[in-house]
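Data block below; observations after.
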Amino acid sequence: MSQYTVKIEDVSFAYEVQPVLKDIDLKMKSGEFLGILGPNGSGKSTLVKLILNLLKPQKGNIEVFGQPVQSLKDRSSIGYVSQKANSFQRGFPATVKEVVASGLYGKLGLFRWMKKKDFEQVDQAIEQVGLTPFAKSNIGSLSGGQQQRAFIARALVSKPKLLIFDEPTVGVDTKSVSEFYDLIKKLHQQEQLTLLLVTHDIYSALSYVDRVVCLNKQLIFDGDKEAFIRQDKEILSRVFGDVQGTPYLHYR
Ligand code: ADP
């Protein structure tokens, strides 16, 4: 069994002619919490799609849990929370419980085929994210932060070992952002999950992640967060270009 949860070796990818990702080498150890930072269009979502085997690289290899990603049998071992996980309108016809259950089957409205064990797993996932009082509420009636929790429960319901978040704090208010990271930290400790967080705003996550990778089509930095903090100005100018024009240093 590989010691790496994710192993990306010499991967390049292009949608058309121009490469979107070039010569990427990245390894994630089991139990690690890795934050990937890059501006819009830097290839972060593309990298996530490659790890999820939704795209195939033109060059290089990707292994997940020690197996080539294209032959990974147990897909339920990867949980994914997308950027749009907090934007359901009032009246969207699904309860929190239904949304979470869809993480087991990939579809809404399958309650009648669910077994007792499945219902228990759904209830447990809802409890893990603190939404038990809202289990029967319409997903669209919840706040953005609560909806995001429901989607974390949806990702957790199949008991994954790797959890991937793509820009989880976009469109979420400041209080919900810190609640989100507190929840992630708790899950990381309790469930022994390997976490991959993709964001253009690393600073809200910096006290939680173990390691930071900076990406702008190529890997620009890969190191522990202390090393990142020591050189962040210089690294950010390489990742984002004109640092003066970016909001990423305003925490100072
Ligand atoms: P990020 O997640 O960092 O914002 P993406 O991985 O979404 O970046 O996009 C990287 C680049 O690939 C961007 O220039 C984007 O326009 C381009 N791109 C993304 N998806 C497609 C697609 N389906 N077809 C063509 N180009 C795409």
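The values are calculated or read from the model by the stated rules, or taken from the named source; none is laboratory data. All values derive from a computational prediction rather than experimental measurement. Glycine also receives a Cβ, built like all others from the backbone with ideal geometry; neighbour counts cover every protein chain displayed. The accessibility values were calculated without ligands, DNA or RNA, using every heavy atom of the protein model including side chains. Shrake-Rupley method; radii C 1.70, N 1.55, O 1.52, S 1.80 Å.
With the highest mean first, a sort of the peptides 139-146, 13-20 on other beta-carbon atoms found within 10 angstrom per residue produces 139-146, 13-20.
Using the 1.4 Å probe convention, the accessible area of the range 174-242 works out to 46 Å² per residue with neighbouring protein chains retained. Rolling a 1.4 Å probe over the protein heavy atoms gives the range 3-88 an accessible area of 48 Å² per residue.
The fraction of accessible area contributed by carbon and sulfur in the chain is 50 percent, rounded to a whole number (1.4 Å probe; ligands and nucleic acids excluded). Which of rounded, prolate or oblate describes the range 99-189 when judged by the alpha-carbon gyration tensor and an a/c cut-off of 1.5? Because a/c hits 1.5 or more and a/b exceeds b/c, the range 99-189 counts as prolate. Among beta bridges identified by DSSP and lying wholly in the chain, the antiparallel ones come to about 55 percent. For the range 194-211, the residues whose backbone nitrogen is under 16 Å from a point 7 Å from the Cα of residue 226, taken along Cα to Cβ, are 207-211. Measuring from label point to label point, each 7 Å out along Cα→Cβ, what is the residue 174 to residue 132 span in nm? Placing both labels 7 Å beyond Cα along the Cβ direction yields 3.2 nm.
Estimated translational diffusion coefficient (Stokes-Einstein, Kirkwood radius over Cα pairs, 10 °C, 1.306 mPa s) of the chain: 84 µm² per second.
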